[in-house]
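Working notes, structure below.
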Amino acid sequence: MTAVKVVKVLGTSAESWDDAADEAVREASKTIDDIRGVEVEDQTAKVEDGEVTEYRATVEVAFPVHEEQHAQ
């Protein structure tokens, strides 16, 4: 059986929610190995003067927990 760890990551983009989710995964993959899946939990946006200026995607990133190899 494999244990899986899930962490939340917030990605941002000036272009779209898709880009914001991609950014969250790109940034998470810099410090998390073996990402197996993601779930977009929430999409929000920053608005200034009646215009969307920043898209935000909260993403849950899932990856397996690997057992440490102990030296004998």
Residues in region 43-72 that are at pLDDT 95 or above and not in a strand (DSSP E or B) total 2
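Taking the conditions exactly as written (within 12 Å of the chain's Cα centre (by Cα) and basic (Lys, Arg)), does LYS46 satisfy them or not? Walk me through how you get there before you give the answer.
Values: within 12 Å of the chain's Cα centre (by Cα): no; basic (Lys, Arg): yes.
So LYS46 does not fit the description; no.
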What are the residues in region 46-72 that are surrounded by 15 or more Cβ atoms within 10 Å (Cβ to Cβ) and over 16 Å from LYS8 (Cα atoms), if any? TYR55
Given the conditions (1) of a type in the set (D, E, K, R); (2) out of contact with any Gly (no Cβ under 6 Å at 6 or more places or on another chain); (3) under 16 Å from VAL7 (Cα atoms); (4) surrounded by 12 or more Cβ atoms within 10 Å (Cβ to Cβ), which single one is not true for ASP33? (4)
Give the number of residues within region 13-72 that are in contact (Cβ under 8 Å) with a residue 24 or more places away in the chain and of a type in the set (Val, Ile, Thr). 9
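Which one is surrounded by the fewest Cβ atoms within 10 Å (Cβ to Cβ), of the residues in region 1-30 that are among the aliphatic types (A, V, I, L, M) and part of a helix (DSSP H, G or I)? Outline the logic, then answer.
Looking only at region 1-30, we keep the residues that are among the aliphatic types (A, V, I, L, M), and these are 1, 3-4, 6-7, 9-10, 14, 20-21, 24-25, 28.
Next cut, part of a helix (DSSP H, G or I) only: 20-21, 24-25, 28.
Values: ALA20: 24, ALA21: 22, ALA24: 24, VAL25: 16, ALA28: 18.
Only one residue tops the list, namely VAL25.
Can you say whether GLU67 is of a type outside the set (Gly, Ala, Ser) and more than 11 Å from the chain's Cα centre (by Cα), as far as the supplied structure shows? Show your work before the answer.
Details: of a type outside the set (Gly, Ala, Ser): yes; more than 11 Å from the chain's Cα centre (by Cα): yes.
Spelling it out, GLU67 is indeed of a type outside the set (Gly, Ala, Ser) and more than 11 Å from the chain's Cα centre (by Cα).
The values are calculated or read from the model by the stated rules, or taken from the named source; none is laboratory data. The structure presented is a predicted model; accordingly, all values stated were derived computationally and were not measured. Here the Cβ is made from the backbone with ideal geometry for all residues, glycine too, and neighbour counts use every protein chain on show.
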